[in-house]
1. Check off (1) farther than 15 Å from residue 131 by Cβ; (2) surrounded by fewer than 17 Cβ atoms within 10 Å (Cβ to Cβ); (3) touching a residue at least 40 places away in the same chain (Cβ under 8 Å) for residue 184 and give me the number that stays unchecked.
2. Which of the following residues is crowded, with 17+ Cβ neighbours inside 10 Å and closer than 25 Å to residue 174 by Cα: 134, 130, 107?
3. Pick from region 154-166 the residues that are surrounded by 15 or more Cβ atoms within 10 Å (Cβ to Cβ) and part of a helix (DSSP H, G or I): which of them is nearest to the chain's Cα centre (by Cα)?
4. Which one of these does residue 203 not meet: (1) touching a residue at least 40 places away in the same chain (Cβ under 8 Å); (2) under 27 Å from residue 92 (Cα atoms); (3) buried (at least 16 other Cβ atoms within 10 Å of the Cβ); (4) not β-branched (Val, Ile, Thr)?
5. Looking for something touching a strand residue (DSSP E or B) at 6+ places or on another chain (Cβ under 8 Å) and either of a type in the set (S, T, N, Q) or without any contact (Cβ under 8 Å) to a residue 40 or more places away in the chain (or both) - is there at least one such residue anywhere in region 156-165?
6. Tell me which residues, restricted to region 232-257, are buried (at least 18 other Cβ atoms within 10 Å of the Cβ) and closer than 18 Å to residue 65 by Cα.
7. Check residue 144 against each of (1) in contact with a helix residue (DSSP H, G or I) (Cβ under 6 Å, 6 or more places away or on another chain); (2) loosely packed, with under 15 Cβ neighbours inside 10 Å; (3) not polar (S, T, N, Q) and name the one condition it does not meet.
8. Please work out if residue 44 is in contact with a Lys or Arg (Cβ under 8 Å, 6 or more places away or on another chain) and farther than 13 Å from residue 104 by Cα.
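The numbers here are math on the coordinates, done by the rules we state, and not lab data. Note that the structure is predicted; figures quoted are calculated from it, not measured. Using ideal geometry, Cβ is built from the backbone for each residue, glycine included, and neighbour counts are taken over all protein chains shown.
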Amino acid sequence: MKSIASLLSAAALGAAMLLSPGVAHAAAPNYVALGDSYASGVGTRTYISGSGSCQRSTKAYSYIDAARIGANLTFVACSGAKVADVTANQLPSVTSSTNIVSVQVGGNDAGFSSVITECAKPSWLGDCTGAVAGAQTIINNTLPGRLNTLYSSIRSRAASATVVVVGYPRLFNGTDCNAGTFFSPDEMTRLNATADLLNSKIAASASAAGFTFVNPTTKFIGHSVCGSPEWINGLSNPVSESYHPNVTGQAALADLVQPAL
C-alpha cells in the first residue's frame, strides 16, 4: 500500500509541475504586417470595422498566417499606401519586440492603379504605352532607393526579426473577359512584364537587406483576371475591388508566405 501511495503522490506531483504557471512556455511571436491594398486585403469585400479607408480584412494573408502560427498580429497595412506612407504611418509599429515583419509595397509608387485605368480604355482614348513607360521609369530609377531606405529602417527597428517581402502577381492570363475594359493582348503582355519588373526590383532590394522575398508569379499563373478559377478580380463594383486578389487569392498568398515567416 505504501508503494502505491508513493506512486500516486509522485504522479500528482508530476501533474502539478506540468500545470504550474512557473513552467516556461514559448511566447507567441509578435508579427507586424506592413503594406498597401494587396497586403490589407482589398478585393475580399469584407473589412474589419474601424479600419476605414485602409480596408483591412480578416481574409488577408497576414491575418490568416498569424492565426496559423499563433502570432500576435499588429495589422497596419493600408489601402493606397506608398513607401513613404509605410515609413510615416506603419513603421512605428515595428519595435525591438517585433519577431516577424511582412511588407508588400511599391505598386502605388509606380502608379499601377492609374496605369491599369489608362490601359483599360479603348486605344483611341487612352495612352497605355505612355503610362506603362512612365511606371517602368519609376520602377527602374526611383523605387529601389525608396525600398532600400525602408528596409534599412525596418532592420534598424527590429534587429533580429524575420522580415518577409512579398511581391505582386501578374494580373492577366491573356484574355480580357470583362465588359467595359479594352485591354489588347499586347497591353496585357506589357502590364505583366511591368509586374515582373516591379518584382525584380523589390527582390533585389530585399536580397540586399538580407530579407526573404516571396514571389507569387508562378502560383497565380492561370488564376489571374479571367482565369479558372479566378484569384484576382477583374473590373468590379465597387471599382476599388478591381484588380486585387479575392478571398481565394489571399488564401493562396497565405500559403506562399507562411513557410517564410
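1. The one condition residue 184 does not meet is (1).
2. Within the list 134, 130, 107, the selection yields 107.
3. Selected residue: 154.
4. (1)
5. Checked region 156-165: at least one residue is touching a strand residue (DSSP E or B) at 6+ places or on another chain (Cβ under 8 Å) and either of a type in the set (S, T, N, Q) or without any contact (Cβ under 8 Å) to a residue 40 or more places away in the chain (or both).
6. Within region 232-257, 245, 246, 249, 250, 252, 253, 254, 256, 257 qualify.
7. (2)
8. yes
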